Every structure is written in structure tokens, then in C-alpha cells.
Amino acid sequence: MSVSATMAANEVQPYRWRWIALAVILAAEAMDLLDALVTTIAAPTIRQELGGSAGLVQWLGAGYTLAMAVGLITGGRLGDLYGRRRMFVAGAIGFTATSLVCGLAMSPEMLIGGRVLQGLCGAVMIPQGLGLIKEMFPPREIGKAFGMFGPVMTIASVGGPILAGGLIDADLFGAGWRMIFLINVPVGLAAAVAGMRFLPEHRLSDATRLDLVGVLLVSVAGFLLIYPLIQGQELGWPAWTYASTAASIVMFAVFGAYESRRARAGKDPLITPGLFRKRAFTGGLVAGLAFFSGLMGVSLVFTLYTQVGLGFSPLKAGLTSLPQALGAVAGFGLAMSGLQERLGRGLLQIGVVVMAGGAAVLGVTVHLTGPDVSPWQLAPGLALVGIGMGLTMAPFFDIVLAGVEPHESGSASGTLTAVQQLGGVLGTAMLGTLFFDLLKRQWSFGGAMEATMAVEIGLLLVTLALSFLLPRRARPDQTAH
């Protein structure tokens with residue numbers, strides 16, 4: 001393909017190893033997402049061995065994703081300040097070490113602590129990838145590069161339970177559930193070595209000191225929101241849980257005001273306030289929060305339903321979700337066949353509708369079949385959910401990040417991925433708490449599952465409504481900037 005002299009002059013020279021570097025970044029993304037999900041399938045087995053309350057099941061995922069969410073914004077800024085390759089490699093090494101801690105944990109407290117540290121290390125590693133892609137790829141290729149995130153993330157999200165179930169049932173070296181963490185050791189070391197070899201170094205020449213006050217404010221706000229959502233159900237919702245939730249809203253407002261004041265003073269904020277004046281970015285954040293809340297929350301509840309409610313083994317429970325994985329691959333195949341370029345935002349909206357339809361089919365199936373439901377009967381609803389996931393997520397990152405300026409990419413990528421993680425935490429906390437609360441009220445597992453699917457449909461409808469805030473498609477001239 002030929003380009004004009006003007007385009008050639010304005011276009012950044014492509015990085016030689018960009019596609020290999022993209023593979024390294026995607027491998028790290030997949031490792032992170034797998035670790036966010038594998039404990040959902042392993043939680044019943046872990047609880048049997050280590051003990052702990054029902055809250056342990058939620059904290060295994062929420063501790064990781066909460067640390068990831070509050071750390072990702074900081075992680076993006078660290079890349080701007082100290083170099084994205086350096087921070088990627090440091091995060092990969094830390095992730096490997098903390099995975100080893102989780103694999104050797106001897107108590108629920110040690111495991112949850114390890115998960116929190118693992119999330120913090122992931123928060124240093126993950127946001128560097130999106131920023132590096134903006135630097136490595138020319139405008140004509142960046143849409144294709146971002147488009148690769150969708151299939152990798154979706155396959156990882158539904159393949160994680162299958163991998164976890166297989167590792168637990170295989171009981172390699174007598175490690176049982178511990179192998180879901182120990183397998184990260186060779187993978188993480190390989191990612192660190194490959195990162196040093198193939199990722200380019202990049203940092204902002206005008207980046208200033210890290211906003212430590214902003215880090216503290218957003219961390220406290222996130223903790224005040226999530227902790228009562230998980231612990232409240234076990235403790236009977238005492239008054240302090242409501243006070244903590246209200247205080248989190250106040251803290252988020254204080255954080256926003258502080259960041260705006262810091263930017264007006266000419267200092268480098270943790271989150272660039274100008275990002276929220278971009279319609280695509282702001283709309284994408286809110287829509288993503290609703291979407292990932294439902295996606296991650298239902299993942300936890302479905303695993304509990306199949307293992308505890310239906311008595312499936314970890315491997316059988318993981319394999320039950322295989323139609324969702326195949327559906328996701330099919331959805332991405334359709335998106336990449338040209339639908340993404342032609343439909344843009346419309347493709348995302350079609351995917352949300354298909355996904356909501358699949359959730360409805362799944363809920364009706366559970367209602368009609370009762371406790372004797374088989375994996376084959378669950379397959380049609382799961383397949384539709386997977387197809388919808390593929391269609392929705394394929395254009396998501398490209399549209400949301402299209403209008404972000406190069407000097408904002410570190411803050412933007414960290415914020416976007418943080419909202420994705422925060423959505424996962426909220427979904428795990430809210431839908432997990434709803435599920436356990438209904439069981440405590442003597443609801444059947446099937447009835448609790450149906451109620452959860454109804455909430456998921458509601459969140460998808462919210463996502464659909466918010467999607468109209470996005471532009472119809474990501475324009476090449478936006479992405480070029």
C-alpha cells in the first residue's frame with residue numbers, strides 16, 4: 001500500500017519488532033486475566049483445604065482485582081516517569097514472585113495477602129502495554145493491534161476456568177489447586193525476558209513526580225467501596241457498611257477535585273483531567289464499568305452454581321463453559337471479517353443484545369430444568385453469551401482510546417484498565433453477595449442463579465444505553481493522534 005508524502009512525513013516510523021512485542025504484551029494480558037479468573041473455579045477446593053468463610057471465595061478474586069484497579073492508574077504514570085519497558089519487566093518479575101507466594105500459601109490470610117500483592121505487581125505490568133502499542137504502531141495498523149486484545153481477553157476469560165479445573169483435577173506433583181499459581185512462574189519469567197529483549201523503551205520527556213496524594217485518595221476510596229460490599233453480607237449489614245459506601249463517594253469526589261486543582265497548578269496529575277472531556281473515553285469508561293461488572297460477577301456465580309449447586313467437579317465445571325469460549329471465538333471471527341470497520345459502535349451494540357439474549361436463555365433453562373440440568377442443556381445460552389462477548393469486546397478498546405493524545409496514553413490506558421478491573425471487583429462483590437444472601441434466605445441454587453442472570457441482563461441494558469455516548473466508529477485520524 002502506498003502513502004502520500006504528507007502521510008509519510010507525519011507518520012511515526014513503525015517499530016521493527018512491533019508484532020513480537022505485541023505478542024509479549026498480549027501474553028502478559030492473558031496471564032493477568034487468567035489469574036483474575038482461575039480462583040473462581042478453584043475457590044470451593046481452596047476453601048476445603050485452607051478453611052475460611054464464604055467471604056474467602058469473594059476475596060480471592062476481589063483482593064486481586066481491587067489491588068489491580070487502584071494500582072493501575074499509578075502503574076500507567078510509573079511508565080511515563082521511569083520507562084514503560086522497565087516497568088513492564090519489573091511488574092512481570094514481581095508478578096512471578098507473588099504467584100509463588102500464593103502457590104505456597106498455608107492459610108487464607110496468606111493467600112489473600114499474596115493475591116493483593118499479585119494484583120499490585122500486575123498493575124505495574126499491564127498498563128505499559130497499551131501505551132507501548134500507541135508508540136510502536138503506525139495509524140494504519142493500530143486498529144488491528146488493538147483488535148487483538150478482544151479475542152485474547154475473551155478466550156482467556158472463558159478458558160481460565162477450564163485450565164484451572166484441569167490443573168486441579170490432574171493434581172500435578174500433588175500440588176492440587178496450588179498449580180494454578182505455580183504455573184505462572186515459568187510463564188512470568190519468560191514474559192520478563194521477552195520484554196527486555198523485544199519491547200522498546202519509552203518515557204515522557206516532560207513527565208514529573210508521581211502524585212502520591214492522588215494514589216492515597218483513590219486507594220482509600222476504592223477500599224471504602226468494596227470492603228463493605230463483601231463483608232456486609234456475612235455481618236448482617238451493620239450501619240458502618242452503609243457509612244463506608246457513602247464515604248467512598250465522598251473520597252472519589254475529593255480525588256477528582258484534587259486532580260483538577262493539581263492540573264490547574266501546572267503539576268502532573270495521576271489522571272489527566274482533560275481525558276474526561278473526551279466523549280468516547282468517558283462514555284467508554286462508564287459503559288465498561290457496567291459491562292465488566294456483569295461479566296465477572298456472573299462468572300463467579302456460575303462457577304459456584306455448577307460446583308456447589310450441581311455437584312460438578314472442577315474440570316467438569318470448567319468444561320461446561322466451553323460453549324461460551326467457542327461462541328467468543330465465533331463472535332470475534334465475525335467481527336474481524338469486516339464487521340468491525342463497517343459497523344463500529346453498532347457492532348458493540350449488537351453484541352450486547354446477543355449477550356443479553358443468551359443470559360435470558362440461560363436463566364430460562366435453569367428455571368425449566370431444575371437441579372437435573374446437564375452441560376448440554378446449558379450450552380445454547382452459554383454459546384449466545386460468548387458470541388455476544390466477542391462482538392462487544394472486539395471494537396471496545398479501539399473506540400474508547402481512539403481520541404487519546406500520545407502524552408495522555410499512560411494515564412488513559414491505566415484508567416481504562418482500572419475501570420475494567422473495578423467493574424470486575426464490583427461485579428464479584430455485588431453479584432456474589434446477592435447469590436450468598438439468597439442462599440441464606442433459603443433460595444435454591446437454581447433460583448439464586450436465575451436472579452443473578454436477571455441482574456446481568458439489567459447491567460447489559462445499561463451498557464447498551466451508555467454505548468450511544470460513543471462515536472459511531474473510531475476514525476483513523478483520531479487514532480493517529
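Annotation note: Cβ proximity below 7 Å between a residue of the range 99-119 that is within 18 Å of Gly176 (Cβ to Cβ) and a residue that is not in a helix (DSSP H, G or I) (sequence gap 6+ or interchain) occurs for Pro108/Gly51; Pro108/Gly52; Leu111/Ala105; Gly114/Ala105. Of the residues making up the range 177-202, just one is β-branched (Val, Ile, Thr) and touching a Ser or Thr at 6+ places or on another chain (Cβ under 6 Å), namely Val185. Just checking, does the range 301-315 include any residue being closer than 29 Å to Ala418 by Cα, in contact (Cβ under 8 Å) with a residue 12 or more places away in the chain and out of contact with any Phe, Trp or Tyr (no Cβ under 8 Å at 6 or more places or on another chain)? Yes, some residue in the range 301-315 is closer than 29 Å to Ala418 by Cα, in contact (Cβ under 8 Å) with a residue 12 or more places away in the chain and out of contact with any Phe, Trp or Tyr (no Cβ under 8 Å at 6 or more places or on another chain). A residue that is at pLDDT 80 or above, part of a helix (DSSP H, G or I), in contact with an Asp or Glu (Cβ under 8 Å, 6 or more places away or on another chain) and surrounded by fewer than 20 Cβ atoms within 10 Å (Cβ to Cβ) occurs nowhere in the range 218-230. When the residues of the range 424-455 are filtered to those that are among the β-branched types (Val, Ile, Thr) and modelled with pLDDT of 85 or more, the one that is surrounded by the fewest Cβ atoms within 10 Å (Cβ to Cβ) is Val455. Here Leu235 passes the criteria (1) hydrophobic (A, V, I, L, M, F, W, C); (2) in contact (Cβ under 8 Å) with a residue 24 or more places away in the chain; (3) over 25 Å from Val124 (Cβ atoms) except the one numbered (2).
Name the single residue, out of those in the range 325-357 being among the small types (Gly, Ala, Ser) and farther than 11 Å from Leu391 by Cβ, that is nearest to the chain's Cα centre (by Cα).
Start the filter on the range 325-357 by keeping residues that are among the small types (Gly, Ala, Ser), which leaves 325, 327-328, 330-331, 333, 335, 337-338, 344, 346, 351, 356-357.
Imposing the further condition that a residue be farther than 11 Å from Leu391 by Cβ reduces the set to 325, 337-338, 344, 356-357.
Working: Ala325: 16, Ser337: 25, Gly338: 26, Gly344: 22, Ala356: 19, Gly357: 22 Å.
Within the range 325-357, the match that is nearest to the chain's Cα centre (by Cα) is Ala325.
Any idea which residue in the range 298-311 is farthest from Pro323 (Cα to Cα), counting only those that are at pLDDT 85 or above and touching a Leu at 6+ places or on another chain (Cβ under 8 Å)? That would be Val301. Among the numbered criteria (1) at pLDDT 75 or above; (2) surrounded by 24 or more Cβ atoms within 10 Å (Cβ to Cβ), which one does Gly76 miss? Gly76 satisfies all of (1) at pLDDT 75 or above; (2) surrounded by 24 or more Cβ atoms within 10 Å (Cβ to Cβ) except (1).
Determine whether the range 234-241 contains at least one residue that is modelled with pLDDT of 75 or more, surrounded by 15 or more Cβ atoms within 10 Å (Cβ to Cβ), more than 25 Å from the chain's Cα centre (by Cα) and not assigned by TED's automatic domain parsing to the domain that holds Phe88. Yes - at least one qualifying residue is present in the range 234-241. One residue alone among Gly346, Gly297, Gly338, Gly283 is farther than 30 Å from Val213 by Cα and in contact with a helix residue (DSSP H, G or I) (Cβ under 8 Å, 6 or more places away or on another chain), and that residue is Gly297.
How many residues, within the range 312-324, are hydrophobic (A, V, I, L, M, F, W, C) and under 21 Å from the mean Cα position of the chain (by Cα)?
Filtering the range 312-324 for residues hydrophobic (A, V, I, L, M, F, W, C) gives 312, 315, 317, 319, 322.
Right, trim to under 21 Å from the mean Cα position of the chain (by Cα) and you get 322.
So the count comes out to 1.
Identification of helices (runs of 4 or more DSSP H) wholly contained in the range 92-172 with 3 or more residues that are in the same structural domain as Arg77 (by TED's automatic domain parsing) and surrounded by fewer than 19 Cβ atoms within 10 Å (Cβ to Cβ) yields 108-125, 139-147, 149-170. Do we have any residue at all in the range 283-304 that's surrounded by fewer than 18 Cβ atoms within 10 Å (Cβ to Cβ), out of contact with any Pro (no Cβ under 6 Å at 6 or more places or on another chain) and polar (S, T, N, Q)? No: the range 283-304 contains no residue that is surrounded by fewer than 18 Cβ atoms within 10 Å (Cβ to Cβ), out of contact with any Pro (no Cβ under 6 Å at 6 or more places or on another chain) and polar (S, T, N, Q). Restricting attention to the range 358-379 and to residues that are among the aliphatic types (A, V, I, L, M), more than 25 Å from the chain's Cα centre (by Cα) and within 16 Å of Gln307 (Cα to Cα), the residue that is surrounded by the most Cβ atoms within 10 Å (Cβ to Cβ) turns out to be Val366. Checked across the range 265-272, the condition of being in a helix (DSSP H, G or I), at negative phi and free of Cβ contacts under 8 Å to residues at least 60 places away in the same chain holds for no residue.
The values are calculated or read from the model by the stated rules, or taken from the named source; none is laboratory data. This one's a predicted model, so the numbers in the text were calculated from it and none came from an experiment. Positions of Cβ are backbone-derived with ideal geometry, glycine not excepted, and every protein chain shown enters the neighbour counts.
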